[in-house]
Amino acid sequence: MGKLQPYADRLQVYFIFRPLSESIGSFRLTLKSMMLSYPIYMDTTGVFRRTNPQLPSNPMLHTFLLDENNEVLAVGNPLENEKIDRMFWRTVKEKLGTRQKEKAND
């Protein structure tokens, strides 16, 4: 998540997980051990899926970049696909400007 640091005050990251009911205990332990600094939501009842039935079944399409009005700007997992990663950061740059680190190198 190092790429996010220069945008820390303007780009928010949230994780929503839907663990299997029999795995909730171990999932919580895993999250505690990871000590992540991002908000994590555990949807134990599947509310997110029910309220968003248009979501594709392909997990690669379960990552979204939203604007300030919750409009979808990009879909796809930038951690798993280099093309999506480039598109993600190009979109962030268009919306938020150049990262501080990049400005120093210009």
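Some observations on this one:
- Accessible surface of the chain, 1.4 Å probe, proportion on carbon and sulfur as whole %: 54 percent
- Hull volume per residue, based on the alpha-carbon atoms of the chain and their convex hull, is 127 Å³.
- The lysine pair tally for the chain, using Cα distances under 30 Å and a gap of 8 or more places or different chains, is 13.
- Taking the Cα centre of the range 17-106 as reference, the dipole from Cβ charges on Lys and Arg (+1) and Asp and Glu (-1) amounts to some 140 debye.
- Proximity of backbone amide H atoms, modeled 1.01 Å from N, is registered between residue 73 and 65, 66, 67 at under 5 Å, excluding neighbours fewer than 5 places apart on the same chain.
- Estimated 222 nm signal from helices in the chain, with DSSP H stretches of n ≥ 4 weighted -39500 (n - 2.57), rounded to 500: -10000 deg cm²/dmol
- Binned Cα-Cα distance frequencies in the range 46-93 - 5 Å width, integer %: 5, 20, 27, 24, 15, 8, 1
- Phi angles of the range 73-89 translate, via the Karplus equation with coefficients 6.51, -1.76, 1.60 and θ = phi - 60°, into HN-Hα couplings of 9, 8, 10, x, 8, x, 6, 10, 8, 4, 5, 5, 4, 4, 5, 4, 5 Hz per residue; Gly and Pro are given as x.
- On a per residue basis, the chain carries 78 Å² of accessible surface, using protein heavy atoms and a 1.4 Å probe.
- Taking a ≥ b ≥ c as the square roots of the eigenvalues of the alpha carbon gyration tensor, the range 1-59 is oblate, as a/c is not under 1.5 and a/b does not beat b/c.
- Residue separation of residue 51 and residue 71 scaled by 0.36 nm, minus their Cα-Cα distance, works out to 5.6 nm of gained length.
The values are calculated or read from the model by the stated rules, or taken from the named source; none is laboratory data. Keep in mind the model is a prediction, meaning the values are calculated, not measured. Cβ: placed from backbone, ideal geometry, glycine included. Neighbour counts: every protein chain shown. Areas reflect the complete protein model, heavy atoms only, side chains present, ligands, DNA and RNA absent. Shrake-Rupley method; radii C 1.70, N 1.55, O 1.52, S 1.80 Å.
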